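Participant: If you scroll down you'll find the structure; I have some questions about it.
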């Protein structure tokens, strides 16, 4: 049986990359009024609040006082994959290339070619194990070839302001918290995979160990306690940042204010809350 046949999510992510080639990831986003008008209102979150104490999921944490966002400086990413390993350990994600809450893509432009080769952590053909199943490295696929340009793009759930995954979930298992994070209540998830197919970023997968959908949660159990996400802490080059948009001095607020940021697939209307620096037109 082929790798694609074993894992239905693998060709999906490859397909997403292919259909997105025509998309120019553009549109510098401003901070201030333009950003704040996208924040979810308390009224829109009433059904979610009913699942938890009024102040939020953690004692002393008022989720109406926060709106979380993420930032990625792709010019700093070195493709070490420490973020992937840290995420798997922190969130008990299966140690295989198919199940990843966050992943990294390598874009390689060879001499004389206009289109990049895109290698991803979620494709075992692109990854060489580094001694154990808990360590990953990009395979050396281009030995002896002239590489004109190469760079790495970290990816993860965008925790969209208008999340398609929440709209299609038939049971309400996928939901958006008042502080802007999209989560999955696995007690409600029936494993239909509608959300996996609906996500335009390929950020969700089906966890066969739990028989439920899974994805990045921005380490919600950590950030609500004042901690950083596991991937942010593990990044040796500080390419990743997590922060509160309602705090003008947070890492993400400063990042957006000081850089011309972009989001992936802005034309989809999802209004992603992962902001990038260092993308080019071939990244989708």
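Participant: May I ask you to sort 93, 261, 147 by Cβ crowding, counting other Cβ atoms within 10 Å and putting the fewest first?
Facilitator: Ordered from fewest to most neighbouring Cβ atoms within 10 Å, 93, 261, 147 come out as 147, 93, 261.
Participant: What whole number of Å gives the distance from the Cα centroid of the stretch 198-222 to the Cα centroid of the stretch 257-284?
Facilitator: That distance is 21 Å.
Participant: Could you tell me whether the stretch 137-284 comes out rounded, prolate or oblate from its Cα gyration tensor? Rule is a ≥ b ≥ c as square roots of the eigenvalues, rounded for a/c under 1.5, then prolate if a/b exceeds b/c, otherwise oblate.
Facilitator: Since a/c reaches 1.5 but b/c is at least a/b, the shape of the stretch 137-284 is classed as oblate.
Participant: Determine, from the Cβ-Cβ distance of residue 198 and residue 96 and an R0 of 22 Å, the FRET efficiency 1/(1 + (r/R0)^6), rounded to the nearest 0.05.
Facilitator: E between residue 198 and residue 96, to the nearest 0.05, is 0.40.
Participant: So if R0 is 30 Å, what FRET efficiency would residue 150 and residue 227 give, r being the distance between their Cβ atoms, rounded to the nearest 0.05?
Facilitator: Once the sixth-power term is evaluated, E becomes 0.35.
Participant: Counting other beta carbons within 10 Å of each residue's own, what order do 228, 114, 155, 281 fall into, fewest first?
Facilitator: Final ranking by Cβ density, sparse to dense: 114, 281, 228, 155.
Participant: Assuming a ≥ b ≥ c are the square roots of the Cα gyration tensor eigenvalues, decide whether the stretch 208-284 counts as rounded (a/c under 1.5), prolate (otherwise, with a/b larger than b/c) or oblate.
Facilitator: It comes out oblate by the Cα gyration axes.
Participant: Quick one: 148, 73, fewest Cβ neighbours within 10 Å first, how do they rank?
Facilitator: 148, 73
Bear in mind that the values in this text are calculations on the coordinates, not laboratory data. Since the structure is predicted, the reported quantities are computational estimates derived from the model, not experimental observations. FYI the Cβ positions are ideal-geometry reconstructions off the backbone, even for glycines, and counts take in every protein chain you see.
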